[in-house]
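First the structure, in the form of C-alpha cells, and then the observations on it.
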Protein chains: 2
Amino acid sequence: MARIVMKFGGTSVADVERIKNVALRVKKAVDAGDQVAVTVSAMAGETNRLVALCDSVSELYDAREYDTVVSTGEQVTSGLLAMALQDLGVDARSWQGWQIPIHTDDAHGKARILGIDTDVVSQRLDQGQVVVCAGFQGLGSDNRVTTLGRGGSDTSAVALAAALGAERCDIYTDVDGIYTTDPRIVPHARKLSKITYEEMLEQASMGTKVLQTRSVEIAMKYHVRVQVLSSFSDTPGTLVCDEDEIVEKEVVSGIAYSRDEAKITLLSVADRPGVAAGVFGALADANINVDMIVQNVSADGTTADITFTLPRTDLPRALKVLEKGQEDIGYARLEADKNVVKISVIGVGMRSHAGVAQTMFRALSEKGINILTISTSEIKVSVLIAEEYMELAVRALHSAYGLDAQ
Amino acid sequence: MARIVMKFGGTSVADVERIKNVALRVKKAVDAGDQVAVTVSAMAGETNRLVALCDSVSELYDAREYDTVVSTGEQVTSGLLAMALQDLGVDARSWQGWQIPIHTDDAHGKARILGIDTDVVSQRLDQGQVVVCAGFQGLGSDNRVTTLGRGGSDTSAVALAAALGAERCDIYTDVDGIYTTDPRIVPHARKLSKITYEEMLEQASMGTKVLQTRSVEIAMKYHVRVQVLSSFSDTPGTLVCDEDEIVEKEVVSGIAYSRDEAKITLLSVADRPGVAAGVFGALADANINVDMIVQNVSADGTTADITFTLPRTDLPRALKVLEKGQEDIGYARLEADKNVVKISVIGVGMRSHAGVAQTMFRALSEKGINILTISTSEIKVSVLIAEEYMELAVRALHSAYGLDAQ
C-alpha cells in the first residue's frame, strides 16, 4: 500500500468518455490498495475558451479576475471526475485550491505555492477516500483565487505529492515518457526508463513541454519521484528521480533543441568597463532574458563585439531597446539573426566524464555545421547553429553519443 | 445616494457584448452616486451545458459535485463583469458565495440561504467599490459550494439586498415587468406598475417564471422592494412591494394559468375515517405534492369520490403508488386526466371585496366552460378546467375584471 498522486492533463480529460477512463485508472490504483490523490487539468480547449472570453472583455484585464474566470476549468473537471469515481463505487470528493487550501503568493496568473494544509485531505486519504484536486489553482491573500500559470497543474500535483509525503507522483499526459530526443526528428529515439531532476530541468528549460519547469524544481527540492506516462496506454513511463536511484547512468541522456532563439551581435563596442552592464541592464529593464553571451575583443584592443541570444519573440522589443540606447551603450553597428536554433547535449554523466563537448564539436564539424556560439553548464553543452541544420545536427549528435535504439 | 442591488439574468449576460452593456448600466448607477452590488447569473446556455456534462458522467450524480460543477457558470460571469466594469474605470471586484460568504444549509442543488456575512462587502460598498456577486451559489458545511436551485440568482440578489439593507433590488430580465396576464394569450394585457408580494407569490406558485418563489418570500419577509425590469430597454418595470405602498389597489391584479396540472379521481372510496389520510399519506411518502382536493359523499352515504390535482409530471408515479395501494386505500376505480389546466384570479383587493368568485364563475359559464374543481385562498380563486378552453377562459376573465388595456 502506497500513497500516490496521479495527475491527468487536459487531453486525458478532454471529454466525458476520457474522464470515465481516468476514473477506471484511478479505481485500479485504489483496488490495488493505494491511497490516491488526483490532480486534474481543465478539459482540453476549456482554458483557451476562458482566456478568450477574458481577452474579449478587456485588453488589460485584472489578473485577479482572470484567475477567477480561468480557474473554473479545473473546478469542472474535478467535480466530474469525483462523480465518475463515485459511479464506479469509489469514495471520492473534489477539492478546490481554496478548500484544501493551497496557499500561494499574490502573483495572479503565475502564482507560486507557499504551502499546502494537508491535515484534512490527508485524513480523507487515510479513510480511503480519493481526493480529487483541481490543479492550476490556489488561494492568495484577501481570500482570492490564484492560478499558477500554463502547465501549473503539474506543479499542483508535485507540490501536493511533496506535502502529502506521497511515494510517487504519476503525471499522465499525451506522451508515454521522456525520450533521448524528439522522436519526430529521430524516429529511433529511445524512451528513458529514468532521468535525473537536473537533466529534466535542462530539458524543460529547452522548451520540452512535458513538465512545467517549476514542477521539476519542486520535485527536486522535496525528492518527489515523478513518473511521466501516457493515459492512453499501459506501458511504463519515465521516472524523474534523484541521481542515486539511477544505477546505469549514461554520460549523455538526451539531445534537446529549441527553435525559440534569436541572436544579436553588437559590433565595435567601446572596450571599457561597464559596457556589458549597459547592454544587459537595458534589456533586463525591459524584462528580456538573455541566454548565451560571447564577447570578442578586437585585434587592436580598443573595441569588442558582443553576441548574445534571446527568445525569438522578444527580438523586436530588444531591437527597439538597443537602437534607442545606441549612443549610451556606444556601439557602431547591430546585427540580428532569427534563423538560429540552440542544440543541447544533456547528461549528469558529463560531470565525471571528459570529452563530451569534444564529441559534440567533432560530430557537428563532420557534417559541415558551423557553430555560432557555445555555452556550457555542469550537465549541458549548448551550441547555436543556423536553423536549416537543426534536424541534421540532432540526428548526428544522437548517433555520436550512442543513443540510437538497437 | 442609495444602496441598491442589481441582478442580471442569463439572457442579460448571454455574451461579451451584453456583459459590456450590463457594465454600462451599472456605471450609470455608480455615476448617479449609488452604492451598487450586482448579482449575476451564468451566461445563457452555460448552466444547461454544465448540467448536461454532469448527466453524461453519471445518472445518479452526487449533488455536492453537481454544485461544484454547475456553480462555475456564475463564477465566470462575475469575473468577466468585474473586468468589464474596470475597463470603464469603475472600481469593481467579483465575489463568490464562499468568499462573502453566503451561508446556506446542505440541501445541495436546492440549498436555502441561512445568512450572509456582509461586513466585508458592505465596507467595500462604502469605499465606492462595486461588489459583483456570483448568484445561485453559497457555502454549505464542510467548506463546500452549494447552489440554490434553478432561478436561484433571484434569491441571491434579494437576500443580499435584505442583508445589505439596500433600498431596492432591481431584477433585470428579458421581460419588462409583470403583466395582468400572459401577453402571448391576451395581447392587450397591461403592465402593472406595482404588485404586492402576496400577489407575486401567487403568480410565482402558478408557474409565472419571472421571479423564483423563494426570492419573493424573502423579499416579503424583509420588506425588500424588488423591481422587475428589462435589461434591453429603459422603460420602468414593475415594483413588487408592500401593500401599503400601493395607493390604488385593484380588486384583481392578474389572471394566471398553469398547464402543469393533472387530475385523479378515486371512485367509490369507503366513507370511513382515515381514508383520505391513507391516500394522501401514500402520495406524500412518494414526495408528490397534491394541490386541489374535493370529496363528494355518495347518495347512500356509504362511499365517497375523491378528486385531486397534482403536477402533471408526477402523474405516472402517482398512478403507480395508488394502484399498488388500491387494497389498503379501498377504492373501486381510478380515473386520471392530464388534459386539464388551472386558471387563477389573483388580487389582494378581494380580501375586502365580495363577489370576485361569482364574477369568475359567471364569466366562465357564459363561455360554456365547465368548472371541474374550485379552490380558494385569501387572495386567489382557482378553477380547474379542460385544457382546450384555456386561452378562451383567460381572455374572458381578463375582460370580466376590467383588466384589458384601454
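The values are calculated or read from the model by the stated rules, or taken from the named source; none is laboratory data. Because the structure is predicted, anything quoted here is derived from the model rather than measured. Neighbour counts are summed over all protein chains in view; Cβ atoms, including those assigned to glycine, are modelled from backbone coordinates with ideal geometry. Areas reflect the complete protein model, heavy atoms only, side chains present, ligands, DNA and RNA absent. Shrake-Rupley method; radii C 1.70, N 1.55, O 1.52, S 1.80 Å.
Any residue in the range A:258-273 that is within 30 Å of residue A:353 (Cβ to Cβ), in contact with a Gly (Cβ under 9 Å, 6 or more places away or on another chain), open to solvent by 40 Å² or more (accessible area, probe 1.4 Å) and assigned by TED's automatic domain parsing to the domain that holds residue A:402? Full working, then the answer.
Within the range A:258-273, the first condition is being within 30 Å of residue A:353 (Cβ to Cβ), and the residues that meet it are A:258-261, A:263.
Subset that is in contact with a Gly (Cβ under 9 Å, 6 or more places away or on another chain): A:258-260.
Now drop any that are not open to solvent by 40 Å² or more (accessible area, probe 1.4 Å), which leaves A:259-260.
Add one more test, that the residue is assigned by TED's automatic domain parsing to the domain that holds residue A:402, and what stays is A:259-260.
Checked against the condition, which is being within 30 Å of residue A:353 (Cβ to Cβ), in contact with a Gly (Cβ under 9 Å, 6 or more places away or on another chain), open to solvent by 40 Å² or more (accessible area, probe 1.4 Å) and assigned by TED's automatic domain parsing to the domain that holds residue A:402, the range A:258-273 yields at least one hit.
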(Q) Can you tell me which condition residue A:15 does not meet? The list is (1) in contact (Cβ under 8 Å) with a residue 24 or more places away in the chain; (2) open to solvent by 10 Å² or more (accessible area, probe 1.4 Å); (3) farther than 23 Å from residue A:112 by Cα; (4) more than 13 Å from chain B (Cβ to nearest Cβ), and all the others hold. (A) (4)
Q: Check whether at least one residue in the range B:89-108 is touching a strand residue (DSSP E or B) at 6+ places or on another chain (Cβ under 7 Å), crowded, with 23+ Cβ neighbours inside 10 Å, within 11 Å of another protein chain (Cβ to nearest Cβ) and acidic (Asp, Glu), and report yes or no.
A: no
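Looking at the range A:187-239 only, could you name the residues that are in contact with a Cys (Cβ under 9 Å, 6 or more places away or on another chain) and in a helix (DSSP H, G or I)?
A:197, A:215, A:219
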Q: Return yes when residue A:139 is more than 26 Å from the chain's Cα centre (by Cα) and more than 9 Å from every other protein chain (Cβ to nearest Cβ) and no when it is not.
A: no
Q. Just checking, how many residues over the range A:339-366 are in contact with a Leu (Cβ under 6 Å, 6 or more places away or on another chain) and of a type outside the set (A, V, I, L, M, F, W, C)?
A. 1
Q) Are any of the residues in the range A:61-83 facing chain B (nearest Cβ under 9 Å) and surrounded by fewer than 20 Cβ atoms within 10 Å (Cβ to Cβ)? A) no
(Q) For the range A:18-58, which positions are closer than 30 Å to residue B:24 by Cβ, open to solvent by less than 10 Å² (accessible area, probe 1.4 Å) and outside any loop (DSSP other than H, G, I, E, B)? (A) A:50, A:54, A:57
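Which count do you get for residues in the range A:357-391 that are outside any loop (DSSP other than H, G, I, E, B) and touching a residue at least 60 places away in the same chain (Cβ under 8 Å)?
Of the range A:357-391, the ones outside any loop (DSSP other than H, G, I, E, B) are A:357-366, A:373-377, A:380-391.
If we keep only those that are touching a residue at least 60 places away in the same chain (Cβ under 8 Å) as well, we get A:373-375, A:377, A:380, A:382, A:384, A:387, A:390-391.
So the count comes out to 10.
Any residue at all in the range B:318-336 that is of a type in the set (Phe, Trp, Tyr), under 28 Å from residue B:271 (Cβ atoms) and more than 34 Å from the chain's Cα centre (by Cα)?
yes
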Q) Within the range A:101-112, can one find any residue that is at pLDDT 95 or above, under 22 Å from the mean Cα position of the chain (by Cα) and of a type in the set (Lys, Arg)? A) yes
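Return the residues of the range A:242-281 that are polar (S, T, N, Q) and either without any contact (Cβ under 8 Å) to a residue 24 or more places away in the chain or over 30 Å from residue A:222 (Cβ atoms) (or both); say none if nothing qualifies. Walk me through how you get there before you give the answer.
To start, the set of residues in the range A:242-281 that are polar (S, T, N, Q) comprises A:253, A:258, A:265, A:268.
Residues satisfying the conditions are A:265, A:268.
Within the range B:28-60, count every residue that is away from chain A (no Cβ under 13 Å) and not hydroxyl-bearing (Ser, Thr, Tyr).
From the range B:28-60, those away from chain A (no Cβ under 13 Å) are B:28-39, B:41, B:44-45, B:48; that's our starting set.
With not hydroxyl-bearing (Ser, Thr, Tyr) added as a condition, the list becomes B:28-38, B:44-45, B:48.
Summing the residues that are away from chain A (no Cβ under 13 Å) and not hydroxyl-bearing (Ser, Thr, Tyr) in the range B:28-60 gives 14.
Could you list, in sequence order, the residues of the range A:240-281 that are of a type in the set (Lys, Arg) and assigned to a loop (DSSP other than H, G, I, E, B)?
A:249, A:272
Only residues that are among the hydroxyl-bearing types (Ser, Thr, Tyr) and surrounded by 19 or more Cβ atoms within 10 Å (Cβ to Cβ): list them for the range A:362-388, please.
A:373, A:382
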